[in-house]
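Following: one structure in structure tokens, then a few remarks.
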Amino acid sequence: MSYIKNIAHEEPLVLAAQVSVLEGQVVSKTLAQNRHVTLTLFAFSKGEEISTHASTGDAMVLVLEGEALLTVDGKEHRCKAGETLIMPANKPHAVFAPEDMKMLLTVVFPTQRQV
């Protein structure tokens with residue numbers, strides 16, 4: 001059973017090349033999704049965004065190409081290719097692409113205590 005999908009296994013690859021920018025769109029490719037973690041590649045066309053929302057898990061954005069404007073709890077952060085930002089659980093956040101941009105989003109969800 002593979003836990004990571006939609007991507008070649010045991011083969012070197014360029015992660016950013018696994019998703020394409022399409023004009024006027026936000027393109028996503030899910031690599032893993034379960035109750036503990038999600039891994040999703042995104043390609044944003046210039047000017048596109050994901051509006052403000054919150055998540056129950058900690059979200060880590062790794063910018064692969066271009067630049068992202070990430071807003072967390074009202075504070076703006078610019079991240080360039082190779083940079084990352086953690087958006088803590090339960091804080092409102094948004095993503096805006098001032099230029100064509102690709103990113104990897106990893107969200108780690110809390111696990112419930114076993115009593």
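The values are calculated or read from the model by the stated rules, or taken from the named source; none is laboratory data. Here the structure is a predicted model, which means the values were calculated and not measured. As a convention, Cβ positions derive from the backbone with ideal geometry for all residues, glycine included, and neighbour counts pool all protein chains shown. Ligands, DNA and RNA are excluded from the accessible area calculation, which covers all protein heavy atoms including side chains. Shrake-Rupley method; radii C 1.70, N 1.55, O 1.52, S 1.80 Å.
May I ask you to say which residue of Val19, Val26 is open to solvent by 50 Å² or more (accessible area, probe 1.4 Å) and within 15 Å of Gly66 (Cα to Cα)? Break it down stepwise before answering.
Working: Val19 fails: open to solvent by 50 Å² or more (accessible area, probe 1.4 Å).
Every option except Val26 fails the conditions.
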Checklist entry - Just wondering, is there one or more residues in the stretch 73-81 that are in a strand (DSSP E or B), under 12 Å from Met101 (Cβ atoms), without any contact (Cβ under 8 Å) to a residue 60 or more places away in the chain and open to solvent by 50 Å² or more (accessible area, probe 1.4 Å)? => result yes
Item to check | Thr30, sole failed condition from (1) closer than 22 Å to Ala8 by Cβ; (2) touching a residue at least 24 places away in the same chain (Cβ under 8 Å); (3) out of contact with any Ser or Thr (no Cβ under 6 Å at 6 or more places or on another chain); (4) not aromatic (Phe, Trp, Tyr) | outcome: (3)
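Of the residues that sit in the stretch 30-72 and are assigned to a strand (DSSP E or B) and of a type in the set (S, T, N, Q), which one is most open to solvent (accessible area, probe 1.4 Å)? Explain how you work it out, then say what you get.
Pass one, the stretch 30-72, residues assigned to a strand (DSSP E or B): 30-33, 37-44, 49-53, 58-65, 67-72.
Next, from what is left, pick out any that are of a type in the set (S, T, N, Q): 30, 33, 38, 40, 51-52, 71.
Values: Thr30: 41, Gln33: 134, Thr38: 20, Thr40: 18, Ser51: 79, Thr52: 97, Thr71: 37 Å².
Checking each candidate, the answer is Gln33.
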Next on the checklist: If I filter the stretch 24-43 for residues that are touching a helix residue (DSSP H, G or I) at 6+ places or on another chain (Cβ under 7 Å) and hydrophobic (A, V, I, L, M, F, W, C), do I get at least one hit?
Outcome noted: yes
